[in-house]
Amino acid sequence: MKYRSFGKHDLKCSEIGFGAWAIGGAWGQQDDTDSLAALNRALDLGCNFIDTAAGYGDGKSERLIAKVLNERAAVGKDEHIFVATKTQPSDGAWPPSPYDQAEDRYSEAYLRDHLATRLDCLGTDKLDLWQLHTWTRAWNRNPTPFKILRRLQKEGKVGLIGVSSPEHDQNSVIDLMRDGWIDSVQIIYNIFEQEPAAELLNVAQECGVGVIVRVAFDEGALTGKFNQETVFPEGDFRANYFAGDRLSRTVVRVEAIRETLKESDYTMAQAALKFVLAHPAVSCVIPGIRNPAQAEANCGVSDLPDMSPALLTALQQHSWRRAFWYDGK
């Protein structure tokens, strides 16, 4: 496993992290035994960065992570695993409406209450990294929630502070980086969704902001395992994400990527992760991991040769923006 700097901060994170959304249950039925084994296997392979959220099974993902870390500590494992979690805005539209008030959706009382719950679920007295789970550009003029998070940071309850970019307007977080409000940013960046490379990633690098990349596999499409007949199980959010003709359109484009890769030694999934890691601003990528086999496959990508400039250039030609799919449109 290779390790990278997390912006300007005193942290060396594994370039392959553990995305813990699926173990909370949002991707269909998930056996806790598989989840615990996946976490242990990833950590044994050198992964030291886990990303979770309050909304991943209403704290279930966080509790599973705490169980694994506590059990490993109890048998004398000498390791510090960096756990990043997130808090969603209070009830209302997702993404937030530009007419919403930041102090209403992320009030101090709400954030303090959520902090107490996150600490309890993770079994700790301080969060390594606390991220706001979404944002809207309209709040940049008066980012009250981050003022509250900075107070909590000074109180010793929070380490680093970050934000997860809204899917439909990722560049809305650029001003937050330039104004020094955040220590990290979590973004969607993959072979299809390449817009962050135009500006956002460069600004993060200039400002010393850690970059966490989510959705490197485009919700599984870029692993190459879907076809025109794929049916998602009940409870799997991807049934909506790939609704209508979206799946068939995606499969056609994935097959074009497969053709680009035919002379390389990468599998589709390996290429998807290596493409993301080719950008120097990226601190870590957090593919979802549901079982030990996925832990081994994803963590093993770190040991593969870097992507050649020629292949990187070829894959850049497959850019395809459609983040609005997350809004169900």
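Values for this structure:
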item	result
Selection from region 301-323 of residues that are outside any loop (DSSP other than H, G, I, E, B), closer than 26 Å to V252 by Cβ and at pLDDT 95 or above	V301, A310, L311, L312, T313, A314, L315, Q316
Residue that is farthest from the chain's Cα centre (by Cα), among those in region 5-50 that are among the aromatic types (F, W, Y), crowded, with 21+ Cβ neighbours inside 10 Å and assigned to a strand (DSSP E or B)	F6
Yes/no for I65 being in contact with a Lys or Arg (Cβ under 9 Å, 6 or more places away or on another chain) and surrounded by 15 or more Cβ atoms within 10 Å (Cβ to Cβ)	no
Meets criteria (within 15 Å of V276 (Cβ to Cβ) and free of Cβ contacts under 8 Å to residues at least 60 places away in the same chain) for L119	no
Pick from region 59-103, criterion over 19 Å from R41 (Cβ atoms) and polar (S, T, N, Q), ranking: modelled with the lowest pLDDT	S97
Search result, residues across region 93-150 that are part of a strand (DSSP E or B), over 17 Å from D169 (Cβ atoms) and not aromatic (F, W, Y)	L127, D128, L129
Residue match in region 322-329 (condition: free of Cβ contacts under 8 Å to residues at least 12 places away in the same chain, surrounded by fewer than 19 Cβ atoms within 10 Å (Cβ to Cβ) and under 30 Å from I174 (Cα atoms))	yes
Residue check, G92 surrounded by fewer than 22 Cβ atoms within 10 Å (Cβ to Cβ) and over 19 Å from the mean Cα position of the chain (by Cα)	yes
Neighbours by Cβ (under 7 Å, 6+ apart or cross-chain): first from region 36-47, of a type in the set (S, T, N, Q); second crowded, with 17+ Cβ neighbours inside 10 Å	N40/V68
Region 267-280, subset surrounded by fewer than 20 Cβ atoms within 10 Å (Cβ to Cβ) and touching a residue at least 40 places away in the same chain (Cβ under 8 Å), residue farthest from the chain's Cα centre (by Cα)	T267
Given (1) touching a helix residue (DSSP H, G or I) at 6+ places or on another chain (Cβ under 8 Å); (2) assigned to a helix (DSSP H, G or I); (3) of a type in the set (A, V, I, L, M), number of the condition V213 does not satisfy	(2)
Hits in region 221-241 (condition: surrounded by 12 or more Cβ atoms within 10 Å (Cβ to Cβ), touching a residue at least 24 places away in the same chain (Cβ under 8 Å) and not basic (K, R))	A221, L222, T223, G224, F226, F232, G235, D236, F237, N240, Y241
Some residue of region 51-58 being part of a helix (DSSP H, G or I), surrounded by fewer than 22 Cβ atoms within 10 Å (Cβ to Cβ) and touching a helix residue (DSSP H, G or I) at 6+ places or on another chain (Cβ under 9 Å)	no
Residue match in region 184-202 (condition: part of a helix (DSSP H, G or I), without any contact (Cβ under 8 Å) to a residue 40 or more places away in the chain and over 16 Å from the mean Cα position of the chain (by Cα))	no
In region 282-300, residue modelled with the lowest pLDDT [restricted to those that are buried (at least 22 other Cβ atoms within 10 Å of the Cβ) and either part of a helix (DSSP H, G or I) or not β-branched (V, I, T) (or both)]	G288
Odd one out for P145 among (1) surrounded by fewer than 21 Cβ atoms within 10 Å (Cβ to Cβ); (2) under 22 Å from the mean Cα position of the chain (by Cα)	(1)
Filter result for the condition that a residue is modelled with pLDDT of 95 or more and over 19 Å from G208 (Cβ atoms), over L127, L160, L149	L127
In region 242-255, the residues that are among the aliphatic types (A, V, I, L, M) and either more than 19 Å from V215 (Cβ to Cβ) or surrounded by 19 or more Cβ atoms within 10 Å (Cβ to Cβ) (or both)	L247, V252, V254
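The values are calculated or read from the model by the stated rules, or taken from the named source; none is laboratory data. Bear in mind that the values here come from a model prediction, so they are computed numbers and not experimental data. Note that each Cβ is placed from the backbone with ideal geometry, even for glycine, and that neighbours are counted across all protein chains shown.
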